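Enquirer: Pasting a structure here, questions to come.
Just so it is clear, none of the values below were taken in a lab; they were calculated from the coordinates. The structure displayed is predicted, hence computed values, not measured ones. Every residue, glycine as well, gets a Cβ built from its backbone with ideal geometry; the counts of neighbours run over all protein chains shown.
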Amino acid sequence: MAFIIVLLVLLAVTVVKCAYVVPQQSAYVIERLGRYSRVAYAGLNFKIPYVDRIATRTGLRVNQLDVRLETKTLDNVFVTVVASTQFRVNPDDVATAFYELHDPAGQLRSYMEDALRSAVPALTLDDAFARKDDVAADVQRTVGQEMGRFGFTVVKTLITAIDPSDQVKNAMDSINAAQREKEATRQRAEAQRIQIETQAAAEAERNRLQGEGQANYRREIANGIVDQIKSLQAVGMNINDVNNVVLFNQYLDVMRSLSESGNAKTVVLPASTPGGYRDLYGQLVNAMETGRE
C-alpha cells in the first residue's frame, strides 16, 4: 500500500514537472541534458522530466538603459551627456541573446559610451545642441548593428541632456546677453538715424514750402503794384505822380503793419509823417538816379 502511494506521488510530481506555462511576453530556453534544445513561448508547454530543464526565463518587453558620461566637444568644452536607449530581445533570437551575452546591459552601455565618445567630439558645443537628434540616430545605428549580432533590437535612442559646466553656462549667458545688447544698440542707432533723416526731410520740405509761399507773396505784391500803376495811369496821371502815390501807399502800409504787429519794437519817426515820407521819397529817387549813372 505504501509503495502504491509513493508511486502515485512520483507520478504526480512527474506530471507537474512535465507541464509548464510560459507567461505572455516571455520566452523560456529549454536545455536537454545540458545542451540547448528549443525556445518555449507563451502558453502551455511540455518537457521531459529529469531530462529537460528551463535554462532561463527571458522577458520580451522593451527595457530602458540610461547612460551618463562626460566627453569633450570639438571646441574643447567638456559636457555631460545623458542618453537613454530602449532595447529588447528579438523573439527569433532568444537563444542567441542568452548564450552569446552574459551581461547584455553592461555590453550595451559600453557600446553606447563608445558611440557617444565618437560622435560628440566631432561637433562644436552649439552643433551638439542643434544636432542632438542626429547624434542619437548615429548612436542608435552603431549600437543597433553591434547588438543585433547578439539577438537584441535597439528600438530607440534619445539624447536627453547635454550639460556643460556652470562656468561654461555663465560664459554662454554673458555672450548671449552681449549679442542681444549689441543688436539692441544697433536697432536704437538705426531708429535714431531714421528719425534724423525724417526730421531733415521734413525741415527741407518746410523750408521749400516757406520759400514758395514768400515767392508767391512777393509776386502778388508786385502784381498788385503793377495793377495800381496801370489804374492811376488810366485816369491820366503821369509816371512821376503815379510813383509818388504808390510809394506813399507802401509807406503807409508799412507804418500800419508796424503799429499792428504784436512783436513790433519802438520805432522813432519824424513828427510830420508827410515830411518824413518826402525825405524817404527823395532818398529813393536819388538812389535810383545814382544807380543809373
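Enquirer: Can you list residues from other chains, or at least 5 along the same chain, whose modelled amide H is less than 5 Å from the amide H of Thr160?
Expert: Amide H neighbours of Thr160: Val82, Ala83, Ser84.
Enquirer: How are the alpha carbon pair distances in region 179-235 distributed across 5 Å bins from zero to the largest one, expressed in percent?
Expert: 4, 16, 9, 11, 8, 9, 8, 6, 7, 5, 5, 4, 3, 3, 2, 1, 0
Enquirer: On a straight-distance basis, which lysines could pair with Lys47 in a cross-link, Cα separation under 16 angstrom, same-chain partners fewer than 8 positions away excluded?
Expert: Within the straight-line limit of under 16 Å, Lys47 reaches these lysines: Lys17.
Enquirer: Related question: Quick query: amide H of Thr124 versus all other amide H atoms, modeled in the peptide plane; which residues come in under 5 Å with a sequence gap of 5 or more or a different chain?
Expert: Here the answer is Leu74, since their amide H atoms fall under 5 Å of that of Thr124.
Enquirer: Run the numbers for Ile54 and Leu8: contour at 0.36 nm per residue of separation, minus the present Cα-Cα distance, in nm.
Expert: Details: separation 46, 0.36 × 46 = 16.56 nm, distance 2.45 nm.
Taking Ile54 through Leu8 to full extension adds about 14.1 nm, to one decimal.
Enquirer: Do the alpha carbons of any pairs in Lys72/Lys156; Lys72/Lys132; Lys72/Lys182 sit beyond 21 Å of each other, and which pairs?
Expert: Check vs 21 Å cut-off fails for Lys72/Lys156; Lys72/Lys182.
Enquirer: Once the cut-off is 14 Å, how many percent of the Cα-Cα pairs in region 14-59 end up in the long-distance tail?
Expert: Working: 436 of 1035 pairs.
Counting every Cα pair in region 14-59, those more than 14 Å apart make up 42 percent.
Enquirer: What's the magnitude of the charge dipole for region 14-59 around its Cα centre, counting Lys and Arg as +1 and Asp and Glu as -1 at the beta-carbon? Answer in Debye, nearest 20.
Expert: It works out to roughly 100 debye.
Enquirer: Right, something else. Counting Lys and Arg as +1 and Asp and Glu as -1, each charge on the Cβ, what is the dipole of region 63-164 about the Cα centre in debye, to the nearest 20? Intermediate results must be reported in sequence, preceding the final value.
Expert: Values: 10 positive and 16 negative charges, 21 e Å.
That gives a dipole near 100 debye.
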